[in-house]
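A.B. asks: After the structure tokens below, expect a handful of questions from me.
Taken together, the values in this text are just the output of simple stated rules run on the coordinates, not laboratory data. Predicted model only: the values in this text are computed from it and were never measured. Cβ placement follows ideal geometry from the backbone for every residue including glycine, while neighbour counts extend to all protein chains displayed.
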Amino acid sequence: MAAITLQINGKAHQVDLDPQMPLLWAIRDVIGLKGTKYGCGIGQCGACTVHLNGQPIRSCSLPVSAANNLAITTIEGISADAGHPVQKAWIEEQVPQCGYCQSGQIMSAVALLQKNPHPTDADIDAAMRGNLCRCGTYQRIRKAIKTAAAASK
Amino acid sequence: MKQVTRRSFIKSTGVTGIGLWLGISGVHGEVRKAASLAEAKNITPYILIEPNGGITIFNPRPEMGQGTFQSIPSLIAEELEVSLNQVTIRMTNGEKAFAGSQWVGGSYSVRGSYQQLRKVGASAREVLIRAASNQWGVGADTCYAEEGKIIHRPTGKSFTYGELAEEAAKLELPKEPKLKEAKDFKILGKAVKRPDIPLKITGQAVFGIDSEVPGMLYASVQRCPVLGGTLKSFDSSDTLKTPGVVKVVEAVRKVGIYTYTGVAVIADSYWAAVQGRRALKVEWDTKGYEKFSSAAYDNTLRALAKKDGVIDKTKGNIADGSIKPNQKLQAFYETPVVAHHTLEPLNCVAQVKDDKLELWTSTQVVDSVVGTGPGDLHAQVGIKPENITLHNQFIGGGFGRRLYLDYLIEAVNIAKQSDKPVKVIWSREDSTQFGPFRPMTFSQLSGSVGADGTLISFEHKVISPSMSESGGDEYDKNKVDGTMVEGIGEQDYEIPNLKTSYVRADYHVPIAAWRSVTSSTLAFAHECFIDELAHKAKKDPLLFRLEMLSKPSDTKRVLEKLREVTNWDKPLPAGKGRGMAQWKFFAGLSAHAVEVTYNKAKNSVKIDKVYVVIDLGEVVNPDNVRNQVEGGVIMALSAATKPGITLEGGKVKQSNFNDNPQTRIHEAPTVEVHILTEGGELKGVGEPGLPPLAPALANAIFMATGIRLRKMPFSLSNIG
């Protein structure tokens, strides 16, 4: 066990955990933020995507100790009221079906637009291909990212 | 509108007591008694109106991404004359008033409820109008409903529904209320924004795996990697030394005719359970199944193809002696086993206390969890149905997988051995390797084309294991399993001589329905072979099909629309190919056209565009229909082009998305969806958008390359 400080969505949490526990389970089951999802456990599906110091990472594959004192943003932290331009675009384009992958999709899309406010199709493919959607909402994800980009012009 | 959990519902309405909501019997009696505690009134079990005007619509159809969270309440709200943002939607959890409708599958929810739930809304509207007209002493025909109010037309005075609920609840509901005319619809047929989406983009939507029960433990289960093997013994001494591990128990899981025993590690966190599971030493009796391989089994199926099948349908004389050898064509098609891969892994929290069971999960079959039938959960776990309480949550993908109770049965059997509630989570590897899977079907096809280019005969023999047998349905092995010949005798083509048949193969791997069931494989064989026959007849494949559709039919309308929207009659530039296919089956009907570009140097194909025409009869939310069909195309593309599930040494070789990949965004084509509603007959949405994709794609590849693909999966980067 190790004393770890998790800085999640601007709030510090002191936890005492197996340092090897993946960050995902600490976020979900220790801190209790359930918006970040478990999909594959090996960084292949992107459902667990969160931002670590602003970079999108797969929280299922990062030991919690590696996130000690770093800034973590989860889906619950990107806006207080579904008001982030990416979330608004997701509503506008009616993207989700089952919705299970969408926290991860949105976290990847937010990170993409922070780095590249006006991505091309190829940029979107490169940034989003790590996020699997079994319902197949890719066409809408692509469109919603463009809608969000256009809104910030 | 918000998702209402049982707890918050009780809090907000003051309605208390589990029995009140689970013990509802009869359509109008108990519900009203329960509701009166909060002075709220159930006009029907589906509609609860509070004195302050709050309106709750009860939704018996679980939401798994198909849009029932919105489509089902819309049927009621439209006729009740309320907008969706005026109402709270509450998903039901097995209340008897809704028995028989608390499940989702077969693309049935809307087509199975369209008239019934509109009548529910309309009859409630009519008693609200009568309650108002009685109080005012005016004729009911001078009153109308709008936005949750009854208005007296001549004076403009009004009552809210909340003010009328008490009186309205005393009136008898009309059996045949007057339904609105389509031209007056405000919700139905409109692209209304889905109320579950804000929950799903903020992390607030609660899925089964997000369920949190005070004091709960976690479990991870080691199952025999050789399918069919049984547990001999296990040594948990190292596991029990793992920090956080509480207990190690046997875990019995039943799926169809199969019973499996695994070893469950119960711990105070999921991570600790996984660590403890890694330290387990288990001995299995693999009973000879360790010799099983898919490659050898596929050879068995090929050999079985030589057998005469049991007849499904016949018409005319398939062995017409006048057919010349050079008019005949034969082909053999193969398809793979695939996993469902719902992105939310299987999970269930179970709590067993005394003789009572409480469950938190995501399931497609609420009725089977609380039902009294012989196949329902109570019979599998030995707990009385009236003692089972369910909290069903949003479903992170169903695709047929969550029609099965196996993961609930296993969780209950684990929880019986724990004094605290236990959350069982299947890892992705578990979800990939233990089934039930969609089975493969192999198809022997033969046909003949006359000198005038018309189809004379068509024969489709299916060779496969039986889903009905695996599922434990009453099935006579010497007869046709109707599920395994789904659709092949039911296409609208006017073929003078037709025969469809089935050869059953033994199999020891549990198999199951997968989105669009057996149509997901049979349409590939059937519609590719129609294409082969069109080619033999030297005819355009779409016109060849239309020539077999002389009489008006839904299929004919759909194909004519496809011809129009694709500019089918205009030839494509060189290097491009276009193929099409259609499929009609129990769930509905659609036709697809796929346009591809062939890169000869790389021998690869790129999908340029997919067109889909889907025939519905009526549409509730056209934007959601488009979303469903776009997604169906992607799911069908995964199954057509990505490696399936194979066994070697009795074990599933694939384990996760690294070695069992699914279609990703950079591989996703543009999909253009057209919805037809002229046919009248109500058809489904969720599944019919899938089956024609694979054959339309293979037919397009043939047009572009001259290479005929007869085996799924097929690669797009190395054709042939």
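A.B. asks: Cα atoms only: what Rg and Dmax, in Å, come out for the stretch B:324-373?
C.D. replies: Rg and Dmax of the stretch B:324-373, Cα atoms, are 23.1, 74 Å.
A.B. asks: Calculate how many DSSP beta bridges within the protein assembly as shown are antiparallel, expressed in % of all such bridges and rounded to the nearest 5. Don't jump to the answer; show the numbers that get you there.
C.D. replies: Details: 103 of 137 bridges.
Antiparallel: roughly 75 percent of the beta bridges in the protein assembly as shown.
A.B. asks: Here is a further query. Averaging over all projection directions, find the projected area of the Cα convex hull of the protein assembly as shown and quote it in nm² with one decimal place.
C.D. replies: Numbers: hull surface 152.1 nm².
The number I arrive at for the protein assembly as shown is 38.0 nm².
A.B. asks: If you don't mind, another one. Would you kindly compute the Cα radius of gyration of chain B and its largest Cα-Cα separation (Dmax), both in Å?
C.D. replies: When restricted to Cα atoms, chain B yields Rg and Dmax of 27.5, 84 Å.
A.B. asks: Inside 10 Å of the C-beta atoms of B:339-349, what's the mean count of C-beta atoms belonging to other chains?
C.D. replies: On the way: counts 0, 1, 5, 5, 17, 9, 7, 0, 1, 0, 0.
Per residue, the number of nearby Cβ atoms from other chains is 4 on average.
A.B. asks: Which three lengths, in whole Å and largest first, does the stretch B:239-373 cover when its Cα atoms are put on their principal axes?
C.D. replies: Each principal axis gives a Cα extent; for the stretch B:239-373 these are 77, 39, 28 Å.
A.B. asks: Roughly how far apart, in whole Å, are the Cα centres of the stretch B:351-424 and the stretch B:637-703?
C.D. replies: One Cα centre to the other: 31 Å.
A.B. asks: Enumerate the residues in the stretch B:488-510 having an amide nitrogen under 20 Å from the point lying 7 Å beyond the Cα of residue B:451 toward its Cβ.
C.D. replies: Backbone N within reach: B:496-497.
A.B. asks: Cα-Cα over 31 Å: which of A:88/B:186; B:384/B:423; B:477/B:539?
C.D. replies: Working: A:88/B:186 24 Å; B:384/B:423 21 Å; B:477/B:539 41 Å.
Violating the 31 Å Cα-Cα cut-off are B:477/B:539.
A.B. asks: Taking beta carbons within 10 Å but only from partner chains, what does the mean come to for residues A:138-150? If you can, show how the numbers build up before the last one.
C.D. replies: Values: counts 12, 13, 5, 2, 3, 0, 1, 1, 0, 0, 0, 0, 0.
Mean shielding by partner chains, rounded to a whole number: 3.
A.B. asks: Would you mind checking B:499/B:551; B:193/B:576; A:11/B:200; B:119/B:584 for any pair whose Cα atoms are more than 32 angstrom apart?
C.D. replies: Numbers: B:499/B:551 21 Å; B:193/B:576 38 Å; A:11/B:200 23 Å; B:119/B:584 29 Å.
As for pairs spanning more than 32 Å Cα to Cα, those are B:193/B:576.
A.B. asks: If you take each beta carbon of peptide B:428-441 and count the beta carbons of other chains within 10 angstrom, what is the mean?
C.D. replies: Averaged over the peptide's residues, the number is 1.
A.B. asks: Between residue B:540 and residue B:506, 0.36 nm times their residue separation minus their Cα-Cα distance comes to what?
C.D. replies: Details: separation 34, 0.36 × 34 = 12.24 nm, distance 4.00 nm.
Full extension of this stretch gives 8.2 nm more.
A.B. asks: Give the order of B:366, B:613 when sorted by the count of other beta carbons within 10 angstrom, beginning with the fewest. Kindly include the intermediate steps, with their values, before the conclusion.
C.D. replies: Numbers: B:366 24, B:613 28.
Ordered by Cβ neighbours within 10 Å, fewest first: B:366, B:613.
A.B. asks: Continuing with this model, one more query. How are the alpha carbon pair distances in the stretch A:18-79 distributed across 5 Å bins from zero to the largest one, expressed in percent?
C.D. replies: 4, 21, 33, 29, 11, 1, 0
A.B. asks: How many percent of Cα pairs in the stretch B:521-631 exceed 22 Å?
C.D. replies: On the way: 2223 of 6105 pairs.
Tail of P(r) above 22 Å: 36 percent of Cα pairs.
A.B. asks: How large is log10 of I(q)/I(0) for the stretch A:85-151 at q = 0.13, 0.18 Å⁻¹ when the intensity is taken from the Debye formula with one equal scatterer per alpha-carbon?
C.D. replies: For the stretch A:85-151, the Cα-only Debye profile gives -0.27, -0.54.
A.B. asks: Pairs B:538/B:642; B:313/B:461; A:34/B:651; A:37/B:606: which are spaced more than 22 Å apart, C-alpha to C-alpha?
C.D. replies: Working: B:538/B:642 32 Å; B:313/B:461 11 Å; A:34/B:651 33 Å; A:37/B:606 32 Å.
Correct reply: B:538/B:642; A:34/B:651; A:37/B:606.
A.B. asks: For residue B:237 and residue B:83, calculate 0.36 nm times their separation in residues minus their Cα-Cα distance, and state this gained length in nm to one decimal. Write down the numbers at each step before the final one.
C.D. replies: On the way: separation 154, 0.36 × 154 = 55.44 nm, distance 6.03 nm.
Extra length available between residue B:237 and residue B:83 comes to 49.4 nm.
A.B. asks: Measure off 7 Å from each Cα along the Cα-to-Cβ vector at residue B:677 and residue B:322, then give the distance between these two points in nanometres to one decimal.
C.D. replies: For residue B:677 paired with residue B:322, the spin-label model returns 4.8 nm.
A.B. asks: Additional query: Please give the peptides B:698-710, B:550-562 ranked by average Cβ packing (other Cβ atoms within 10 Å per residue), highest first, as a rough proxy for protection. Could you put the intermediate results ahead of the total?
C.D. replies: On the way: B:698-710: 21.2, B:550-562: 17.6.
Output ranking for B:698-710, B:550-562: B:698-710, B:550-562.
A.B. asks: Still on this model: Among B:623-636, B:256-269, how do they line up by average Cβ neighbours within 10 Å per residue, starting with the highest?
C.D. replies: On the way: B:623-636: 25.9, B:256-269: 21.0.
Going by the mean number of other Cβ atoms within 10 Å, highest first, we get B:623-636, B:256-269.
A.B. asks: Which residues' amide hydrogens lie under 5 Å from the amide hydrogen of residue A:71, considering only partners 5 or more residues apart or on another chain, with H built in the peptide plane?
C.D. replies: Placed amide hydrogens put A:53 under 5 Å from residue A:71.
A.B. asks: So what are the stretch B:551-687's ellipsoid semi-axes, whole angstrom, largest first, if each one is the square root of 5 times an eigenvalue of the alpha-carbon gyration tensor?
C.D. replies: On the way: eigenvalues 171, 96, 34 Å².
Calculated on Cα positions only, the semi-axes equal 29, 22, 13 Å.
A.B. asks: Taking the square root of 5 times each eigenvalue of the Cα gyration tensor, what semi-axes in Å does the equivalent ellipsoid of the stretch B:127-166 have, largest first? Present the calculation step by step, with values, prior to reporting the outcome.
C.D. replies: Numbers: eigenvalues 36, 25, 12 Å².
After diagonalising the Cα gyration tensor, the semi-axes are 13, 11, 8 Å.
A.B. asks: Step through the residues of the stretch B:628-642 one at a time and calculate ³J(HN,Hα) from phi using the Karplus curve (6.51 cos²θ - 1.76 cosθ + 1.60, θ = phi - 60°), rounding each to whole Hz and writing x for Gly and Pro.
C.D. replies: Each residue's phi maps through the Karplus curve to give 4, 6, 4, x, x, 4, 5, 5, 5, 5, 4, 5, 7, 10, 10 Hz.
A.B. asks: When B:341, B:391, B:152 are ordered from fewest to most other Cβ atoms inside 10 Å of their Cβ, what list results?
C.D. replies: On the way: B:341 24, B:391 20, B:152 17.
Ascending number of Cβ neighbours within 10 Å: B:152, B:391, B:341.
A.B. asks: Could you go through the stretch B:325-331 in sequence order and give the Karplus-derived ³J(HN,Hα) for each residue, using 6.51 cos²θ - 1.76 cosθ + 1.60 with θ = phi - 60°, rounded to whole Hz, and x for Gly and Pro?
C.D. replies: Rounded to whole hertz, the list is x, 6, 8, 8, 9, 9, 7.
A.B. asks: Please rank B:46, B:598, B:114, fewest neighbouring Cβ atoms within 10 Å first, as an exposure proxy.
C.D. replies: Details: B:46 27, B:598 22, B:114 18.
Going from least to most buried by this count: B:114, B:598, B:46.
A.B. asks: Which value, in nm² and rounded to one decimal, describes the direction-averaged projected area of the C-alpha convex hull of the stretch B:184-301? List each step's numbers first, then the result.
C.D. replies: Numbers: hull surface 56.8 nm².
If you wrap the Cα atoms of the stretch B:184-301 in a convex hull and average its projections, you get 14.2 nm².
A.B. asks: Here's a follow-up. Could you work out how far apart the two model spin labels at residue B:494 and residue A:53 are, taking each label as a point 7 Å from the Cα in the direction of the beta carbon, and quote it in nm?
C.D. replies: 7.3 nm
A.B. asks: Could you give me the ³J(HN,Hα) list for the stretch A:90-102, computed from phi with Karplus coefficients 6.51, -1.76, 1.60 and θ = phi - 60°, whole Hz, x at Gly and Pro?
C.D. replies: 5, 6, 4, 8, 6, 6, x, 10, 5, x, 5, 7, 6
A.B. asks: Within the stretch B:316-356, find all residues whose amide N lies under 20 Å from a label point positioned 7 Å from the Cα of residue B:666 along Cα-to-beta-carbon.
C.D. replies: none
A.B. asks: In debye, nearest 20: dipole of the stretch A:2-76 around its Cα centre with unit charges on the Cβ of K, R (+) and D, E (-)? Each step should come with its number before you reach the end.
C.D. replies: Numbers: 5 positive and 4 negative charges, 42 e Å.
For this selection, approximately 200 debye.
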